[in-house]
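Remarks on the structure that follows.
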Amino acid sequence: VQLQASGGGLVQAGGSLRLSCAASGRAFNRYTMAWFRQAPGKEREFVTAIKWGNTLYADSVKGRFTISRDNAKNTVYLQMSSLKFEDTALYFCAASSTVIQSAISDAHAYPYWGQGTQVTVSS
């Protein structure tokens, strides 16, 4: 599976952005898709994931971010609203066909990664 993330940019605090992650390959619907982010000088952190129809969010983005997928387009989306300065980071999409529910927020459980798209929120 190859992943291509897009949609990042510069936005003011309180604004919105939608990230997209297009996947190549077959059986996209069988993959758990996730978003992670990494700010300068910080560890990569889990943002959200979607496994079949179930979603999980980090507490820091709950209520502000929404993950969705369009299996017909082999694409997963991250709708980000009420953006904060601390959301500034390089955002990565990731995929796994084998991740179990208990490991869904563990970056090591995902073998496939996109190249990252930068989100910068100005305060």
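The values are calculated or read from the model by the stated rules, or taken from the named source; none is laboratory data. Quick caveat, the model's predicted, so the values are computed rather than measured. All Cβ positions, even for glycine, are placed from backbone atoms using ideal geometry, and neighbour counts span all protein chains on display. In case anyone asks, the SASA skips ligands and DNA or RNA and just uses the protein heavy atoms, side chains included. Shrake-Rupley method; radii C 1.70, N 1.55, O 1.52, S 1.80 Å.
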Going residue by residue through the range 13-31, is there one that turns out to be assigned to a strand (DSSP E or B), within 14 Å of residue 115 (Cα to Cα), without any contact (Cβ under 8 Å) to a residue 60 or more places away in the chain and not β-branched (Val, Ile, Thr)? yes
Which residues, taken from the range 103-123, are open to solvent by 10 Å² or more (accessible area, probe 1.4 Å), in contact with a helix residue (DSSP H, G or I) (Cβ under 8 Å, 6 or more places away or on another chain) and touching a residue at least 12 places away in the same chain (Cβ under 8 Å)? 109, 122, 123
Restricting attention to the range 19-41, which residues are under 21 Å from residue 54 (Cβ atoms) and open to solvent by 50 Å² or more (accessible area, probe 1.4 Å)? 29, 30
The one condition in (1) open to solvent by 50 Å² or more (accessible area, probe 1.4 Å); (2) of a type outside the set (Gly, Ala, Ser); (3) farther than 16 Å from residue 88 by Cβ that residue 46 fails to fulfil: (1)
Restricting to the range 4-16, and then to whatever is open to solvent by 20 Å² or more (accessible area, probe 1.4 Å) and under 12 Å from the mean Cα position of the chain (by Cα), can you tell me which residue is farthest from residue 120 (Cα to Cα)? 4
Hits in the range 68-81 - residues which are surrounded by fewer than 22 Cβ atoms within 10 Å (Cβ to Cβ) and more than 22 Å from residue 122 (Cβ to Cβ): 68, 69, 70, 71, 72, 73, 74, 75, 77
Just a yes or no: is a residue in the range 31-49 touching a Gly at 6+ places or on another chain (Cβ under 6 Å) and modelled with pLDDT of 95 or more? no
Let me confirm something: among 99, 61, which residue is open to solvent by less than 50 Å² (accessible area, probe 1.4 Å), modelled with pLDDT of 95 or more and out of contact with any Gly (no Cβ under 7 Å at 6 or more places or on another chain)? 61
